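The values are calculated or read from the model by the stated rules, or taken from the named source; none is laboratory data. In this text, all values refer to a predicted model and were calculated from it rather than measured experimentally. Neighbour counts run over all protein chains shown; Cβ positions are idealised from the backbone, glycine included. All accessible areas refer to the heavy atoms of the entire protein, side chains included, with ligands and DNA or RNA removed. Shrake-Rupley method; radii C 1.70, N 1.55, O 1.52, S 1.80 Å.
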Amino acid sequence: MTFEKYPFEKLNILLKDVEANNNFEASSLTIGEPQFDTPQFIQDELKNSTSLLNKYPKSAGENYLKDAMISFNTKRFDVELQYSQIIPVFGTREVLFNFPQFALFDIKEPVMAFTNPFYQIYEGAATASRARTIHLDLTKENNYLPVISDSELKTCDLVILNYPNNPTSATITKVELEKWVQKALEFDFILINDECYSELYFDESKKPVSLLQACNSVGNDEFKNCLVLNSISKRSSAPGLRSGFIAGDKSILKEYMKYRTYVGCASPIPLQKTAAIAWSEESHVQGFRDIYKNNFEIAKEILGINIPEATFYIWLEVKDELKFTKELYEQKNIKVLPGSYLGRNGIGKNYVRIALVENSVKTKEVLMRLKDFIDSY
Ligand SMILES: Cc1ncc(COP(=O)(O)O)c(C=O)c1O
């Protein structure tokens with residue numbers, strides 16, 4: 001099995017022989033990892049739960065964690081879930097990698113489609129599943145919404161959407177998601193929306209929607225063929241806690257649960273206790289939203305970008321993204337991620353991804369430096 005090199009590895013190779021300008025502080029805008037302390041109440045809960053380390057965790061997860069996740073879905077999306085419709089997971093990355101292998105295992109020539117550019121685990125999962133891949137290209141011209149013919153869609157066994165989107169920051173409307181639900185029912189494929197960034201929005205009147213809401217609004221109340229993933233990593237600035245969930249179609253989840261028992265990805269009980277607290281609390285998330293919103297306002301002022309509805313990424317159009325990345329590092333000691341490392345078939349070319357995951361002081365300083373560079377590029 002051969003996997004594509006990870007984007008950060010490609011970046012290290014690109015910059016290996018480039019000497020950064022050490023007159024400036026080294027700044028990295030590459031990684032989608034919030035650079036803020038995990039809130040104290042979450043850290044305290046973890047410290048207070050260590051006595052639970054003497055128990056094997058159950059693969060299915062503890063009910064109090066499921067309750068917290070169910071209640072999150074009710075409050076945030078007005079979606080009611082039963083225990084059979086949700087599984088707590090050890091961060092969504094592991095699901096994105098192993099779910100396709102589970103779902104496609106019995107299919108002779110599986111076909112998996114996903115948005116392009118993408119979070120690279122989707123591609124790794126397709127490789128591990130021996131699936132033929134269909135790239136759902138996201139471009140400025142199609143408003144970052146996939147266009148695919150019915151004849152192609154009919155061949156799909158699994159489709160992964162990712163809205164709010166990494167790296168383009170695009171969002172999708174409920175109406176668009178409803179169309180996807182209809183297609184998943186009509187052509188009988190499994191439809192996943194990776195909703196990891198759903199909580200990083202900046203306008204209360206434009207909160208990102210969930211695929212589960214779209215299911216409800218077209219009368220697919222059992223979420224047939226549909227699943228969502230969500231995570232605490234970005235929401236609570238706690239990527240190290242490893243807490244997420246997969247929710248939706250209970251007949252798929254029942255079999256997937258059996259598979260997971262063998263995978264051995266159960267979350268340690270102290271982590272489950274802590275995650276339950278974090279999923280149940282909202283004011284700390286508002287605090288993070290305010291920080292990201294402020295960062296985008298700074299970026300708008302300095303770079304003149306439009307503020308997206310969600311995420312913490314700027315998908316910046318540049319000429320020759322590899323040259324841009326190298327020269328920016330050389331002249332200003334700033335690292336960004338070339339868009340072409342995140343896409344295939346030319347998608348992402350002439351773009352770089354910039355993650356605004358630092359505090360406002362650092363963000364302002366580094367974006368001014370970036371602007372200086374752009375003006376002379
Ligand atoms: C689109 C997307 N999905 C999933 C993940 C994985 O998140 P986690 O495994 O921390 O839940 C990430 C992380 O960067 C991501 O960008």
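Per-structure values
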item	result
Residue in segment 123-140 that is in a loop (DSSP other than H, G, I, E, B), open to solvent by 30 Å² or more (accessible area, probe 1.4 Å) and of a type outside the set (K, R) present	yes
Conditions (1) at pLDDT 95 or above; (2) away from the ligand (no atom under 16 Å from the Cβ): number failed by G264	(1)
Extreme residue, farthest from the chain's Cα centre (by Cα), among residues of segment 141-166 that are without any contact (Cβ under 8 Å) to a residue 40 or more places away in the chain and more than 20 Å from F187 (Cα to Cα)	E141
2 or more residues farther than 23 Å from F288 by Cβ: qualifying helices (runs of 4 or more DSSP H) within segment 3-109	7-15, 63-77, 92-104
Single match in D320, D290 (criterion: within 21 Å of the chain's Cα centre (by Cα) and at pLDDT 95 or above)	D290
Pairs with Cβ under 7 Å, 6+ apart, first in segment 192-210 and over 11 Å from R235 (Cβ atoms) and of a type in the set (K, R), second within 16 Å of the ligand (Cβ to nearest atom) and at pLDDT 95 or above	K206/E309; K207/Y201
Among (1) surrounded by fewer than 16 Cβ atoms within 10 Å (Cβ to Cβ); (2) closer than 30 Å to L271 by Cα - the single one V147 does not satisfy	(2)
Top-ranked residue of segment 322-350 - restricted to ones that are within 22 Å of L138 (Cα to Cα) and without any contact (Cβ under 8 Å) to a residue 40 or more places away in the chain, ranked as surrounded by the most Cβ atoms within 10 Å (Cβ to Cβ)	S340
Residue count, segment 99-119 (criterion: in contact (Cβ under 8 Å) with a residue 60 or more places away in the chain, open to solvent by 10 Å² or more (accessible area, probe 1.4 Å) and not aromatic (F, W, Y))	1
Subset of segment 215-234 (residues that are over 12 Å from M69 (Cβ atoms), out of contact with any Pro (no Cβ under 8 Å at 6 or more places or on another chain) and within 16 Å of the ligand (Cβ to nearest atom))	L227
